[in-house]
Amino acid sequence: MRIKICGVTNLDDAQLCVAAGADAIGLNFVEGTPRYVTPEMAARIVAALPPFVTPVGVFWNHAAGHVKAVAEQCGLGALQFHGDETPEDLHDFRLPVIKTLKVVGAADLDRMAAYRVAAFLLDSPARWSTGEARPVIPWDVAAEMARRHPVLLSAGLTPDNVGEAVRRVRPYGVDVSSGVEARPGRKDEERVRRFVTEARAAAAAP
């Protein structure tokens, strides 16, 4: 199972995530959001990553040309789309694509079939967190989605509940941002390390 820690805004936090055992970090290029990172800072973070940690760029209804330019400038390894992108919008990218689906209930299962992407990120309909706890999504629905496609489980995950989430959903991976923060845009070392430990232990359990 893969672990992605999103909302990384600085080199120290990136190195903390790597040391804790994260497989990927998320760099948020959505202007005006609490964890926005400039392409210049993102490029410095990516340059310091070891070769098997994937830098994932997070975008929201950005033009394809902008996404490609940022990806090239920063050396991204994958692209994650959080907006209203249609299946056709996501056809023309060289890098692996992750499409976020805002999950409310079983009806959201049907939305997956039209997309040809590397994976789906399952999130709550709530906007980005400014520090408050996010609601979890229905894990029974997420488990059904995980049986059909590679999914990254997100939304409301913390060190306290990620183990149960992994055991119930059995996702391809998990994604966390506010659940391991000291404050928006800054990670908490103890929470990051405990999140990774709990997720790995649950994934290894029969």
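Would it be correct to say that Glu198 is under 21 Å from Ala19 (Cβ atoms) and either in contact (Cβ under 8 Å) with a residue 12 or more places away in the chain or small (Gly, Ala, Ser) (or both)? Considered against the rule, which asks whether it is under 21 Å from Ala19 (Cβ atoms) and either in contact (Cβ under 8 Å) with a residue 12 or more places away in the chain or small (Gly, Ala, Ser) (or both), Glu198 comes out as yes. Do we have Leu122 as touching a residue at least 24 places away in the same chain (Cβ under 8 Å) and in contact with a Leu (Cβ under 6 Å, 6 or more places away or on another chain) here? Yes. For region 12-28, residues that are more than 14 Å from Val196 (Cβ to Cβ) and in a strand (DSSP E or B) total 3. Among the criteria (1) closer than 30 Å to Arg168 by Cβ; (2) in contact (Cβ under 8 Å) with a residue 60 or more places away in the chain; (3) surrounded by fewer than 22 Cβ atoms within 10 Å (Cβ to Cβ), the one Cys17 does not fulfil is (3).
Quick note: the coordinates plus some simple rules give every number you see, no bench work behind them. Keep in mind the model is a prediction, meaning the values are calculated, not measured. FYI the Cβ positions are ideal-geometry reconstructions off the backbone, even for glycines, and counts take in every protein chain you see.
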